[in-house]
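Structure first, then comments.
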Amino acid sequence: MNYESAKAAFADWGVDTETALAKLAGIPISMHCWQGDDVVGFEKKSGSSGGGIQATGSHPGRARTPDELRADLEFAYSMIPGKHRLNLHACYLDTDQNPDRDEIEFSHFAPWVDWAKDQGLGLDFNPTFFAHEKADDNLTLSHPDQAIRDFWIEHGKRSRDIAAQIGAALGSPTVNNIWVPDGYKDTPVDRLAPRQRLEQSLNAVMEQKHNKAQMLDAVESKLFGIGVEACTVGSHEFYLGYAIRNETLLCLDMGHFHPTENVADKLSSVALSVDEILLHVSRPMRWDSDHVILLDDSIMQMAQELISAELLDRTHIGLDFFDATISRTAAWVIGTRNMQKALLRALLAPWTHLKAAETSLDYTTRLVVTEEIKDLPYGAVWAEFCDRMEVGTGKTLISDLGHYQKSVETRG
Ligand code: RNT
Ligand code: ZN
């Protein structure tokens, strides 16, 4: 079906495809740097990520340097319609120096900022509280040893400063998201003390107030990770309370809840208590396995909530997955486009009609409509969007992704 017929099909339902396309073009997705190199980073030391997260697979082409990662990102962004953001982790610094985590400075990230400026991208940031000898016990900000806590507090403070400077340099607020792996493999006898320590450490990290036009604080909860199955110090309840009391953003990672929980359902509730939300859109499979996101029900429900509850203006959409068994650039492109496709579908839904049916308790109409609109020609509208944004679809996309992948396979 061509775009004009698709436009007419949606118009029949009272939906204007042009409005939807214009809205979609203005929704930035924060693409995570760590899909490009399997969460390794560029510190001058070797080692795996630790902290209960792990990229598995050995597909050729992993980016080994900041230049390689930037080249891969440029390619990926060229395959994704619209203007987006990059989510950097502190361990992705770009410098000849070898600062420890408590020594990082803005200058270590300046090449990223120059590049982002050049590319017209916004940047987000994350302190890295894992893959370090002082995190080997899976305890950082909640560690019983004050010296270890102080080390990580310094890292957290510096990250916020760096994020604020990045935001100032780019003229767009940098979301600085704190996730710590802290937890216990086996049942702790005291769950309160580590949570009190985490809270005190976070307070120390956040002590300095920053201009919200430059930096926004976010905190990310988790149910469990590998090696911390019995208790995660920064649980959902912990951070929900923390975010409300301290007026930070709350980060909801879709892999950080019980598998039967519907993370989309949390948005509207959380939105009543916090001003802004950060999403880590991900795909858990049995656990926090961080698979590339599909255009599946969980992602579409998330997009529906954002549109139906009008939460787009207060939600920062970030992605969080890492798959090393496939082309890493393709993983970025497929996942980011799927998030956009889900948003497009939600933008094309006849919300007024659906909400009117629901308010009048006419659940039959609601069900007929939600099921009938599944047959509408979303593909033609998406193809038009890609066309206008000068990015390929279908076979062109497949061959472009394939060509690029071939070009990086000699990396070794
Ligand atoms: C880990 C969290 C966290 C990380 C990144 C690398 O379970 O989801 O967001 O994936 O910080
Ligand atoms: Zn996450």
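The values are calculated or read from the model by the stated rules, or taken from the named source; none is laboratory data. Bear in mind the structure is a predicted one, so any value in this text is a computation, not a measurement. In this analysis, Cβ positions are derived from the backbone assuming ideal geometry, glycine residues included, and neighbour counts consider all displayed protein chains. Note: accessible area is taken over every heavy atom of the protein model, side chains too, but ligands, DNA and RNA are not part of it. Shrake-Rupley method; radii C 1.70, N 1.55, O 1.52, S 1.80 Å.
Among all positions in the range 325-343, there is no residue which is open to solvent by less than 10 Å² (accessible area, probe 1.4 Å) and within 13 Å of ligand 1 (Cβ to nearest atom).
From the list Lys23, Lys117, pick out the single residue that is touching a helix residue (DSSP H, G or I) at 6+ places or on another chain (Cβ under 6 Å), more than 23 Å from Val408 (Cβ to Cβ), away from ligand 2 (no atom under 16 Å from the Cβ) and open to solvent by 30 Å² or more (accessible area, probe 1.4 Å). Reasoning before the result, please.
On the way: Lys117 fails: touching a helix residue (DSSP H, G or I) at 6+ places or on another chain (Cβ under 6 Å).
Every option except Lys23 fails the conditions.
Consider the range 206-225. How many of its residues are closer than 11 Å to Asn176 by Cβ, more than 14 Å from ligand 2 (Cβ to nearest atom) and of a type in the set (A, V, I, L, M, F, W, C)? Number of matching residues: 3. Please determine, by comparing only the residues of the range 224-243 that are among the aliphatic types (A, V, I, L, M) and in contact with a Gly (Cβ under 9 Å, 6 or more places away or on another chain), which one is nearest to Asp288 (Cα to Cα). Applying the filter and picking the extreme gives Ile226.
When residues in the range 152-200 are screened for being among the hydroxyl-bearing types (Ser, Thr, Tyr) and surrounded by fewer than 23 Cβ atoms within 10 Å (Cβ to Cβ), 3 of them pass.
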